[in-house]
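The values are calculated or read from the model by the stated rules, or taken from the named source; none is laboratory data. From a predicted model like this one, the values you see are computed outputs, not experimental measurements. Here Cβ is always computed from backbone atoms with ideal geometry, including for glycine, and neighbour counts include all displayed protein chains. Areas reflect the complete protein model, heavy atoms only, side chains present, ligands, DNA and RNA absent. Shrake-Rupley method; radii C 1.70, N 1.55, O 1.52, S 1.80 Å.
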Amino acid sequence: GNMEEKIMKQIKDSVKNYENDTIEFLKDLIDAFKNNMPHYLGSIILRKSGDKKCSRFSVYTVYEIIDGQQRLTTLIILLKAINDFLGEEVFSLKRGSCFVLELGNLNEEFFKKFLREENFSDKDLKFLTNRLIRDAYEYFKAELSKLNDIENFIDFLYKKLFIVKTEVEDEKIS
């Protein structure tokens, strides 16, 4: 029926959008890097949602991402791709036993597996969003192999990548 076609088209469009966003995301970063320009990743809106014990002695504040989840997720995927590409933990993606970013519901277990280096099952990859995460990661790793000065790129990420963080308290803002 017509409704299913519409839904399928919307899904196809959002996949295309995320794939294009991923390509743009890295292209913009690399352009800024090559031109030695700072890069502004936009703003994220966070709301404190509690504390989490991540080791015997450390408790971290947990934030819910109101806006900017896709950008942060894509950034974490890139940082993991860099770690794996170099075979060392350049970027620490954990605090004690907690990951720096956890995704909600559908992708939660998959993203943890992904960050823990576990193999994905076919069941994991049944979900489109999980496949998009995997594909973004593979794309980033392939592109990183074309960079001949990855150390400087890492330096650029540390020093010239900016995100504006806004913290809100009220539920109604979003």
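The set of residues in the range 131-149 that are outside any loop (DSSP other than H, G, I, E, B) and touching a residue at least 24 places away in the same chain (Cβ under 8 Å) comprises 132, 133, 135, 136, 137, 139, 140, 141, 143, 144. Within the range 133-151, the set of residues being open to solvent by 90 Å² or more (accessible area, probe 1.4 Å) and either over 15 Å from the mean Cα position of the chain (by Cα) or among the hydrophobic types (A, V, I, L, M, F, W, C) (or both) comprises 146, 148, 151. Could we say that residue 132 is under 21 Å from residue 28 (Cβ atoms), modelled with pLDDT of 85 or more and of a type outside the set (D, E, K, R) here? In short, yes. Only one of the listed residues (100, 168) is open to solvent by 40 Å² or more (accessible area, probe 1.4 Å) and either at pLDDT 85 or above or in contact with a helix residue (DSSP H, G or I) (Cβ under 6 Å, 6 or more places away or on another chain) (or both). That residue is 100. Evaluating residue 26 against the criteria (1) farther than 26 Å from residue 168 by Cα; (2) in contact with a helix residue (DSSP H, G or I) (Cβ under 9 Å, 6 or more places away or on another chain); (3) at pLDDT below 90 leaves one unmet condition, (3).
In the range 115-122, the count of residues that are open to solvent by less than 60 Å² (accessible area, probe 1.4 Å) and at pLDDT below 85 is one or more. Condition check for residue 130 on (1) of a type in the set (S, T, N, Q); (2) over 18 Å from the mean Cα position of the chain (by Cα); (3) surrounded by 12 or more Cβ atoms within 10 Å (Cβ to Cβ): one failure, at (2). For residue 60, state whether it is out of contact with any Phe, Trp or Tyr (no Cβ under 8 Å at 6 or more places or on another chain), in a helix (DSSP H, G or I) and surrounded by 12 or more Cβ atoms within 10 Å (Cβ to Cβ). Judged against the criteria, residue 60 is not a match.
Looking at the range 106-117, which of its residues are farther than 14 Å from residue 93 by Cβ and either in contact with an Asp or Glu (Cβ under 9 Å, 6 or more places away or on another chain) or outside any helix (DSSP H, G or I) (or both)? 108, 109, 110 - these are the residues of the range 106-117 that are farther than 14 Å from residue 93 by Cβ and either in contact with an Asp or Glu (Cβ under 9 Å, 6 or more places away or on another chain) or outside any helix (DSSP H, G or I) (or both).
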